[in-house]
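Please read the structure below before turning to the comments.
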Amino acid sequence: MTFCINKAISFSAAALMGVSATALSAEDLEFYFPVGVNAPAVATIQELTDEWAAMNPQHTVSAIYSGNYEETTTKALTAANAGDAPQVAVLLSIDLFTLIEEDVILPISDIATSAEDKEWMAGFYPAFMKDGQFEGKTYAIPFQRSTPVFYYNKDAFRAAGLDPESPPTTWKEMIEVGKALTLKDANGNVTQWGTRIPTLGLGGAWLFGGLVVSMDDVLTTETGIEARMDTPATVASLEFLLELANEGVMAPGGNSWGDTPKAFLEGQTASIWTSTGNLAFIEKNAEFDWGVGFLPGGNGPGAPIGGGNFYIFQDTTEGEREAALDFIKFMTSPASAARWSIATGYVAPRPDTWETPEMQAYVERLPQALVALEQLPFAEREFATFQRAKVTQYLVDAIESVVTGNAEPAGALRKAQEGADSVLSEYK
Amino acid sequence: MNKRMTTAPAIIMLVIPCAILVAFTHYPAIMALINSFWNNASSRRPSRFAGTENYQAMLADDRLAQVLVNSTIYALGTVPLAIGLAIGMALLVNSRLPGTAFMRLSFFLPTMLPMIAVANIWLFFYAPGIGLASQILGIFGLPSINFLGQTETALGSMMFVAIWKEAGLFMIFYLAALQSVPTNLKDAAKLEGAGRIRVFIDVVLPLLRPTTIFVAVNALINAFRLVDHVVVMTEGGPNNASALLLYYIYEVTFRQRDFAYGATLTVLMVVLLGILAVIQFWLLNRKAHYQ
């Protein structure tokens, strides 16, 4: 369907503009993209894709929504193994090593070689570029990048006698403030929790990375073969998650990623830790006064960088690579990136985007959008290694077993480290 | 019309089903067996013969042990409960109570919905605090339960969904079986002074036995085959509390891209299902006839 519509648009656009399509090579692009947040993301991606197709009537592009991040990676890799890879896809930044090992992507720095291209690549925030680079080459272009931020209900803060303009900044404050925010009904059942940190699955592991960064450590390095799961910082981070539940500030058991924004909107919790990519969803649906702050930290502020990058696949012709690069340039251009950022809340990945009048007006209207950008200097790359899915699973199991009360932090993390080392020893 | 068929057309006719059987059943099974003796090669790890390494890894795999326990609990829990519920519903809609047409429809409705849709609906029911289940608990002054976020309740919550989904289909089989129970047998039993419960236990239930075996076989197959709701609702979590064998195979093979270990797990599953099939056929042959 999408394909037909795009084709129709590009044909009609070609007819209108009287472009002689024969002079240019005509490419059919397939573009896989995931949606990881509660936002009308599919519609925005489709609009942007259609615009590029209208501007480039010789080409066609079909934007294929492929589920959440992990499903999209699975789908793209399966298609690539079957010899039918998409030309371009937005996939998790942390899947870099998997994609390199599977030998399915091309370094974009090998395609974008002109001086103009190099200048373009240098125009992104370095923090977002770093996790797309390996062995001196740039494999990925930042698109839907984010850090988690602390969303809080200002009305709930006022009701609890707290200052709505100063959210907690440390773990200690988080627990104190959280206690004041937790409300119970006549039966002693909690009607409003102090906070909610997703602790299940990949989303849980992502936020856990932020806790570790705030304890002045990292889970991983740029080598792709190092997992630092069993350190004083990780143990302290996991103990903090347990403490939140033990102090009655956060619901015991595991918290899912997907339900977290809903729980906030429904007033089940007075604050949440979730992606800045949920900003638009919260803004649209919140029926109360809300604010955004840095994630409360252990020793200082700290957050993981997350989200998705553009990748170009290997199984492509010269012409397709050129077209794909042009498409990526369009999608990350100030005008497109501004629209994407405003529609979702993702951090626009280039400083020039923030200078557009649209973004200026947006930040004026919604100053909360600036918090993730301001937090960026305190953020580190998300956990990524070779065989990322397998290695992260050890971390996920450790976090889940502790928050569900089936293991102790130190023991669980030691076990995770052993598992990760056994996988990564093959690469050393 | 008694002309004997020559061998040639017989062979042609057999080739197509045989080719399909080989292409989609035997070839993949044999390839899985072969792959299970190799390592998981990639551009950065050369391919090599691994011998029984994958099988040794399987024996030492804590997650697999947990998954097998889960699968056993899941099968032993869902199959009898779904059958019991199906018999109950079939008796209800087979009675002369008013509104049986509506009841039949509503009991059968879950079966008609795709599992992915069902899982999404239940995801909302189970959501702590905001979900239907929590709202109902709230009416009685009970605290909300994080059904899918606790290791104690996650598997049970999945089983509940499966039973709710499956029982309607089995009800149809039982309804057909109930309607074919000869009334003269029941009348004869009543003449002998048997009460309604006695008639059910001694006359109706034995006649339902072939249906029960058929349904049990199908339910057991589904217990291994259906994992859509696991993917949608918990992704096997928390801490693998709701991971089932087929889901684990999917995760290892396609998410973690460990095709060698995935093949090893597939061999395990084929062997397990083979053993179950042998037991069931043996039961079918022994217990399903009443001449």
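The values are calculated or read from the model by the stated rules, or taken from the named source; none is laboratory data. The model shown is predicted, which means the values in this text are computed figures rather than measured ones. FYI the Cβ positions are ideal-geometry reconstructions off the backbone, even for glycines, and counts take in every protein chain you see.
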Identify all residues within the stretch A:364-399 that are aliphatic (A, V, I, L, M) and either free of Cβ contacts under 8 Å to residues at least 12 places away in the same chain or within 14 Å of chain B (Cβ to nearest Cβ) (or both); write none if there are none.
A:Leu370, A:Ala389, A:Val391, A:Leu395, A:Val396, A:Ala398, A:Ile399
Suppose we filter the stretch B:138-178 for residues that are part of a helix (DSSP H, G or I), facing chain A (nearest Cβ under 9 Å) and crowded, with 22+ Cβ neighbours inside 10 Å; how many remain?
3
What residue, among those in the stretch A:270-289 that are over 22 Å from B:Asn120 (Cα atoms) and more than 17 Å from the chain's Cα centre (by Cα), is nearest to the other protein chains (Cβ to nearest Cβ)?
A:Ala270
Between a first residue in the stretch B:277-291 that is modelled with pLDDT of 60 or more and a second residue that is surrounded by 10 or more Cβ atoms within 10 Å (Cβ to Cβ), which pairs have beta carbons less than 6 Å apart while being 6 or more apart in sequence or on different chains?
B:Gln280/B:Val217; B:Leu284/B:Ile213
Any idea which of (1) of a type in the set (Gly, Ala, Ser); (2) within 23 Å of A:Ala303 (Cβ to Cβ); (3) away from chain B (no Cβ under 14 Å); (4) part of a helix (DSSP H, G or I) is the one A:Ala361 doesn't satisfy?
(2)
Considering only the stretch B:196-279, give the helices (runs of 4 or more DSSP H) lying wholly within it that have at least 2 residues that are of a type in the set (D, E, K, R), surrounded by fewer than 23 Cβ atoms within 10 Å (Cβ to Cβ) and touching a helix residue (DSSP H, G or I) at 6+ places or on another chain (Cβ under 8 Å).
B:209-225
Go through A:Gly267, A:Gly253, A:Gly258, A:Gly224 for me and flag whichever is surrounded by 21 or more Cβ atoms within 10 Å (Cβ to Cβ), within 26 Å of B:Pro143 (Cα to Cα) and within 14 Å of chain B (Cβ to nearest Cβ).
A:Gly253
Is there a residue being in contact with a helix residue (DSSP H, G or I) (Cβ under 9 Å, 6 or more places away or on another chain), at pLDDT below 95 and of a type in the set (Ser, Thr, Tyr) anywhere in the stretch A:206-222?
yes
Quick one: A:Gly405 ticks every box in (1) surrounded by fewer than 17 Cβ atoms within 10 Å (Cβ to Cβ); (2) in a helix (DSSP H, G or I) except a single one, so which number is it?
(2)
Name the one entry in A:Ala82, A:Ala53, A:Ala23 that is modelled with pLDDT under 80 and not assigned by TED's automatic domain parsing to the domain that holds A:Thr260.
A:Ala23
Please find, among A:Ala122, A:Ala127, A:Ala156, A:Ala140, the residue that is within 24 Å of A:Pro367 (Cα to Cα) and assigned by TED's automatic domain parsing to the domain that holds A:Thr72.
A:Ala127
Per the list (1) within 30 Å of A:Thr72 (Cα to Cα); (2) out of contact with any Asp or Glu (no Cβ under 6 Å at 6 or more places or on another chain), residue check on B:Gly237 breaks on (2)
Could you tell me how many of the residues in the stretch A:415-428 are within 14 Å of another protein chain (Cβ to nearest Cβ) and in contact (Cβ under 8 Å) with a residue 60 or more places away in the chain?
5
Residues of the stretch A:70-96 being within 11 Å of chain B (Cβ to nearest Cβ) and surrounded by 24 or more Cβ atoms within 10 Å (Cβ to Cβ), in sequence order, are A:Thr73, A:Asp95
Just checking, does the stretch A:98-109 include any residue being surrounded by 23 or more Cβ atoms within 10 Å (Cβ to Cβ) and either modelled with pLDDT under 90 or more than 13 Å from chain B (Cβ to nearest Cβ) (or both)?
yes
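I need the full set of residues from the stretch A:237-247 which are in contact with a Phe, Trp or Tyr (Cβ under 9 Å, 6 or more places away or on another chain) and either within 12 Å of chain B (Cβ to nearest Cβ) or under 26 Å from A:Ser93 (Cβ atoms) (or both), in order please.
A:Ser237, A:Leu238, A:Phe240, A:Leu241 - these are the residues of the stretch A:237-247 that are in contact with a Phe, Trp or Tyr (Cβ under 9 Å, 6 or more places away or on another chain) and either within 12 Å of chain B (Cβ to nearest Cβ) or under 26 Å from A:Ser93 (Cβ atoms) (or both).
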Of (1) buried (at least 24 other Cβ atoms within 10 Å of the Cβ); (2) at negative phi; (3) not assigned by TED's automatic domain parsing to the domain that holds A:Ser93, A:Phe281 fails just (1)
The listed residue being of a type outside the set (Asp, Glu) and touching a residue at least 12 places away in the same chain (Cβ under 8 Å), out of A:Gly123, A:Gly136, A:Gly188
A:Gly123
